[in-house]
Amino acid sequence: MAAELNQKYGKQRLRIFQGRNLFIFLLVGYAFYFLYQYRLNDPLVAGTVAPDFKLGTLDGQSFYFHEIKIPKALIFFKPNTIYSPYYLDAIAQLKALTKNNMFDIVVITHYGNNKEKLEKLISEDKYKILENITYLANIGDVFEYYGVRSPPHFYLVGGNGEIILQSKIPSVMKITNVLRSY
């Protein structure tokens with residue numbers, strides 16, 4: 001049986017570097033490279049001054065990020081990452097820390113200036129935790145200023161505007177330890 005299979009298929013060789021096969025390999029390679037570049041953040045490092053930008057509240061008021069004079073957690077989300085139970089739990093834990101005014105939380109989502117979609121999201125019971133901490137901004141510019149291409153991303157910014165910590169969403173314990181040493 002093995003001899004018959006070898007005779008039947010043995011003479012056929014995989015021709016990797018010919019025509020269509022080479023094109024497919026190059027296409028797959030480019031797709032992985034593009035995905036890597038897309039997912040690669042180029043975040044501002046700790047010690048640099050965070051760029052200032054204008055934020056809008058859902059009730060129509062506006063202010064600048066550096067007007068918040070205490071440390072602040074700046075969190076970037078895309079709509080699909082907000083739905084993660086892990087991040088919602090982290091937000092709840094961070095909100096519990098804000099009760100003693102150690103810092104403020106500023107959440108910016110990829111909804112940009114689309115107030116209606118953001119209000120609809122926050123009106124759902126599951127996302128009430130995002131109430132009073134989610135703001136509108138020119139998201140494209142802010143992502144570029146902070147080097148974020150792939151949210152979620154977290155920055156802890158001191159009252160003086162200097163970045164203290166940046167990471168994908170870190171543990172609440174790590175944030176607490178950094179704030180204690182600040």
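The values are calculated or read from the model by the stated rules, or taken from the named source; none is laboratory data. Every value quoted in this text rests on a predicted model; they were computed, and no experiment measured them. Neighbour counts run over all protein chains shown; Cβ positions are idealised from the backbone, glycine included. Heavy atoms of the whole protein, side chains included, go into the accessibility calculation; ligands, DNA and RNA do not. Shrake-Rupley method; radii C 1.70, N 1.55, O 1.52, S 1.80 Å.
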Label-point separation, PHE23 to ASP59 (7 Å along Cα→Cβ), nm: 6.1
Solvent exposure, largest accessible area first (probe 1.4 Å, DNA, RNA and ligands not counted), of HIS66, HIS110, HIS153: HIS110, HIS66, HIS153
Based on the Cα atoms of region 88-182, what semi-axes does the equivalent ellipsoid have, where each is the square root of 5 times one gyration tensor eigenvalue, given in whole Å with the largest first? 22, 18, 11
Got a sec? What order do LYS99, LYS120 fall in by accessible area at 1.4 Å, biggest, i.e. largest, first? LYS99, LYS120
Could you rank PHE143, PHE23, PHE76 by how accessible they are, 1.4 Å probe, largest area first? PHE23, PHE143, PHE76
With all protein chains in place and a 1.4 Å probe, ASP52 shows an accessible area in Å² (nearest 10) of 70
Gain in span if fully extended, ALA92 to ASP52, counting 0.36 nm per residue against the direct Cα distance: 11.8 nm
20 Å cut-off, amide nitrogen to a point 7 angstrom out along ASN177 Cα→Cβ, residues in region 46-62: 46-47
Given the pairs LYS78/LYS117; LYS117/LYS174; LYS54/LYS126; LYS78/LYS120; LYS78/LYS168; LYS117/LYS168, which are separated by over 22 angstrom at their Cα positions? LYS117/LYS174; LYS54/LYS126; LYS117/LYS168
